[in-house]
Amino acid sequence: MTHAYPLFTSLLLIWAIAGVAASFVLPRIPAPYGRFVRPGWGPQIQPRLAWFLMESPGLWIFAVLFLSSLPCPPVPVLFAVLWMGHYLYRGFLYPALIRSTRAVPIAVVVMAFGFHLATAGLQTWEIYRLKPDRPVAWLWDPRFLIGLALFAWGFAGAVRADATLRALRPTRGAQYGLPRGGLFERVSCPHYFSEIVEWTGWAILTWTWAGLVFALWTAANLVPRALAVHRSYRAQFPDYPANRKALLPYIL
């Protein structure tokens, strides 16, 4: 176990530095999927398969590593339920429901696969190998309660925003209209805002370094994309609400 700490710390530090680098690259080069898909990124695959391949590793990698750690106390089991519940939705239900027909470059799929491999691996390593003995009293700790509230609110907000965006496409392949209702009245990307809130909650409720780095990675990825989507909306809709921000109500 003592030898695991330096290796884990080194890998986590490398992963954190990669997230910082991404925060500088992504504002200049939006990831080429969805509305930003463009030529020059190689072969593409249909979006439902792409999203399944990009997101489902977050479920099955975590599940395999979690199951290999059994038996373990109830609190780490609850962590697994929360994590795998998110990726059951994101990796299986979300791809089945999307109505977009925009193909996704295989290069993007490979990068997303690697991202979830690293992220799930680091989470399980810290939770089930380095800090496996969370007492049941953790369930009443303010950090857990606050984190769980943020996680649940963020997850529900992301699902609700996804449903709003889907409703704007009456059929597969139709173009988006102007999103309305709920947090869309305040920001262009409530789904991205909700994901950042959700993984901030995860970092707090698990109280792990891996959780913190994942939350920072989520922001590094989604803040630049939200700004790019906001600019795209404003260019697409001349009557786009002037008081609507990109990501944070009234602020950004």
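The values are calculated or read from the model by the stated rules, or taken from the named source; none is laboratory data. Note that this is a predicted model, so its numbers are computed, not measured. Here the Cβ is made from the backbone with ideal geometry for all residues, glycine too, and neighbour counts use every protein chain on show.
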When the residues of the stretch 207-229 are filtered to those that are of a type outside the set (A, V, I, L, M) and crowded, with 19+ Cβ neighbours inside 10 Å, which remaining residue is farthest from Pro179 (Cα to Cα)? Thr208
Quickly run through the stretch 173-223 and pick out the residues that are polar (S, T, N, Q) and either touching a helix residue (DSSP H, G or I) at 6+ places or on another chain (Cβ under 7 Å) or outside the structural domain of Tyr250 (by TED's automatic domain parsing) (or both). Ser188, Ser194, Thr200, Thr206, Thr208, Thr218, Asn221
Which residue out of Leu165, Leu93 is out of contact with any helix residue (DSSP H, G or I) (no Cβ under 6 Å at 6 or more places or on another chain), free of Cβ contacts under 8 Å to residues at least 24 places away in the same chain and under 23 Å from Cys189 (Cβ atoms)? Leu93
Are there helices (runs of 4 or more DSSP H) fully within the stretch 1-101 with at least 1 residues that are exposed (fewer than 13 other Cβ atoms within 10 Å of the Cβ) and on the phi < 0 side of the Ramachandran plot? List them. 4-25, 57-67, 74-88, 94-97
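Table: residues versus (1) assigned by TED's automatic domain parsing to the domain that holds Gln44; (2) under 18 Å from the mean Cα position of the chain (by Cα).
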| site | (1), (2) |
| --- | --- |
| Tyr94 | yes, yes |
| Ala112 | yes, yes |
| His116 | yes, yes |
| Trp125 | yes, no |
| Phe151 | no, yes |
| Gly154 | no, yes |
